[in-house]
């Protein structure tokens, strides 16, 4: 929506109709034979699919845009609105003051070639040397369009701004909310169209493209020499070259909180890189216990909370199933739909705790695989996630039944009870399986802590 309103998807003025979607999917062209790589569509609920106009709002409920729903359509995935869009007010979105419309950016660029760069990660010495080399070769102005994706896109923008002293003079930097598409080639083509919309005449890309609206340039090979400078490979003899830093090794350094070498990046960019990818033991994470009623989830969750609160620096939030039902999820019943809502609300809160560097410990029954997987995806976008299946046998859970819930379920006075009259889908992707009929509380919690240590989410500590 923001890209459409900013004029970053020319010639599109809105969301595509069925015929254009089919044309793009089959031959990567709009009707009228205009090249276009990716269907831009708007799925909508059935109850509003036929409306003449649809107001689109942000997550806070504020109007963002209005779509004139001229040609609604439907396929196997559901209903779609189609038609032109217009802004409902002043433009919104992250870093809006840094994001003028594409036409305004084009108008302010100097005459001549413009080299487009759309980074998804910070630009280090190697990437900066490649940009400088191509800009000099083509006598081009540099236009950097950081792709705002991930949970904190402003950090990538800050990292790119930190690299500006190493970019050619008068480089233009404009963030764009362009997230990665699943198909690498279509993603690269869409990137080229967006770069062209903002005024680029050339694009740095490792993906060779056909039907690109602008010329695509492969990043030149640059190598690190004996004095730790990055230079074109043709200028450095093989015997004088020094190894670089692989993506895997960079990830290891960042996860472990180690310093990045000066030959790899500047101190300013390294600082921003660490904000973007803090050490594992400084990021938030969630532990989700799942299992039958009486399996021991709440007991283990409280014990893990106490252990982490005593030894780990992060604030711990406990989201116990029974407590959550009396507060966050008050009013929900025990139908399949309400059970899903209960778990997904817990997942939303856990993701927010994780996003801000805390620890969330959750202990709902969470009987459905789809809900647990949804929570995993939501949390892993912002931090770590561990699913612990408390696999205590049903007979033991019934034996422990202090509230008499299983007895009521067996007699039929308590319908839709998980494990008796409602299903429990056993996790197939649990990170840890614990049977509290065979493990003591301390042993079970110890296994959870050991897993967290092995994965780097907490540091080791000794207990007296």
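Values in this text are rule-based calculations from the coordinates and carry no lab data. The shown structure was predicted, so the numbers you read here are calculated from the model rather than taken from an experiment. Neighbour counts run over all protein chains shown; Cβ positions are idealised from the backbone, glycine included.
Annotations
- Here the label points at residue 428 and residue 459, each 7 Å from Cα along the C-beta direction, are separated by 4.0 nm in the simple model.
- Fewest-first ranking of 389, 424, using other Cβ atoms within 10 Å as the exposure measure: 424, 389
- Fewest-first ranking of 417, 348, using other Cβ atoms within 10 Å as the exposure measure: 348, 417
- Each peptide in 271-282, 289-300 gets a packing score, the mean of other Cβ atoms within 10 Å over its residues, and the list from highest to lowest is 289-300, 271-282.
- Degrees, to the nearest 10: 336-355 long Cα axis against longest axis of the chain: 60
- Per-peptide average of other Cβ atoms within 10 Å, ordering 363-369, 170-176 highest first: 363-369, 170-176
- Part-to-part distance (alpha-carbon centres) for the range 249-295 and the range 1-60, which is given in Å: 37
- Projected label points at residue 411 and residue 185, each 7 Å from Cα along the beta carbon direction, are separated by 6.7 nanometres.
- Over the chain, DSSP H runs of length four or greater, each weighted -39,500 (n - 2.57), average out per residue to a 222 nm ellipticity of -10500 deg cm²/dmol.
- Compared with the dominant principal axis of the Cα atoms in the chain, helix 184-197 is inclined by about 50°.
- Separation of the range 197-214 from the range 332-363 is 43 Å, based on Cα centroids.
- DSSP bridge orientation in the chain - percent antiparallel, rounded to nearest 5: 40
- Percentage of interatomic Cα-Cα distances in the chain larger than 40 Å: 37
- Antiparallel bridge percentage (DSSP; both residues within the range 96-250; nearest 5): 25
- The ranking of 46, 373, 225, 6 by Cβ neighbour count inside 10 Å, starting from the fewest, reads 46, 373, 225, 6.
- If you take the alpha carbon atoms of the range 324-464 and fit the smallest convex hull around them, that volume is 137 Å³ per residue.
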